[in-house]
Structures are given as C-alpha cells and as structure tokens.
Amino acid sequence: MENSDYSAVGAGFGAGMFVVWLIIIVLIYGSLWKIFEKAGKPGWAAIIPIYNLIILLEIVGKPMIWILWLLIPCVNIVFAIWLMNLLSKSFGKSEGYTVGMIILPIVFYPMLGFGSARYLGPSAAEANNGFNNFNNPNNPFGNNPFGANDPFNKPPTTPDA
C-alpha cells in the first residue's frame, strides 16, 4: 500500500469514529433530556453547559455551591460520582445502578431516561429533612428545637417565700 492508501484508510476510520462518537453524545444528551423532563424540569436545559449542572443539583436537592466543587479539577470526580449516586437514588435506584452509570453510561442513562423509572423527589438528606434537621435522634435537644429539653429555655426559678 502506498502512503495515500494509508491516508484514505485513516481518514475513513477517523470519520467512522466521529460518527460513533456523535451517536453516543446524542444518546446521552437525549437521555438527560428525558431525565430532566421526568423530574419536572425543562428538557432543553440538558444541552446547555453549566446550566444543566444547576438543574441537576435542583433535581437531587443539593445546594448551588456544588457548582464550584464540580468545576475544580480532581475534586469534581468525587462530587460527580456523588451526584450520579444521588440522581439514581432520586429515581429509586440503588448504589449498584450508580456503578452502572459510572462504568456504562451509554446503557444506564438511557435506561433511566427512556425506561420506566419514576422521579421520586430529591434524594439528598438536606432536601428531605430540611437544612435544620431537628428530627435527628442524636440531637441533644430532642425533636423540638425549642422544647422542654432545651437547657437554655428553662422557666425562671424564684425561691419560695
């Protein structure tokens, strides 16, 4: 084979890989579009960079400071995995599904978007219990933040006359 033959084969291979890459990207973003719609958010938000992260954080119930964590190199890997876990839990899936979303997103994102999974609501603890979680059994003041067990909220005692 001549050099020009190798060039033609390389160009054909490159064009083929580009088409495969494009199909994968369309499938993933289409799946995200459907996931957003299932969660009651606009589907078009899935294709806008950064804004799709904001909407995703709303879906899972995490605060907007996470945008910062998702943009910092190396830190973003941990927070992205955590975000995927919260997304799968928001649709009633387990940690095993999260592993699938990490290893095979081309399979698991379409299953979540186009499958029978229903959005159950934000899975983050802050979203479910509120940021001031006074129903925590480890709270020393009991279930009521200003209740009878509050040592700073005792009625004044006066000596008997």
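Where a number appears in this text, it was derived from the coordinates with a stated rule and is not lab data. What you see is a predicted model, and the numbers here were worked out from it, not measured in a lab. Backbone-built Cβ (ideal geometry, glycine too); neighbour counts: all protein chains shown.
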Are there chymotrypsin sites (Phe, Trp or Tyr not before Pro) in the stretch 1-34 that DSSP marks as loop and that have at most 12 other Cβ atoms within 10 Å, and which are they?
-> none
How compact and how long is the stretch 3-129, expressed as Rg and Dmax of its alpha-carbon atoms in Å?
-> 17.2, 66
Could you go through the stretch 113-123 in sequence order and give the Karplus-derived ³J(HN,Hα) for each residue, using 6.51 cos²θ - 1.76 cosθ + 1.60 with θ = phi - 60°, rounded to whole Hz, and x for Gly and Pro?
-> x, 9, x, 8, 5, 10, 6, 9, x, x, 9
Per residue of the stretch 95-106, in order, report the coupling 6.51 cos²θ - 1.76 cosθ + 1.60 (Karplus, θ = phi - 60°) as ³J(HN,Hα) in whole Hz, putting x for Gly and Pro.
-> 5, x, 5, 4, 4, x, 5, 7, 7, 10, x, 5
If amide H atoms are modeled at 1.01 Å from N in the peptide plane, then the residues at a separation of 5 or more from K62, or on another chain, having amide H under 5 Å from its own are none
Along the stretch 11-27, what does the Karplus equation 6.51 cos²θ - 1.76 cosθ + 1.60 (θ = phi - 60°) give for ³J(HN,Hα), rounded to whole Hz, x for Gly and Pro?
-> 5, x, 5, x, 5, x, 5, 4, 5, 4, 4, 5, 5, 5, 4, 5, 5
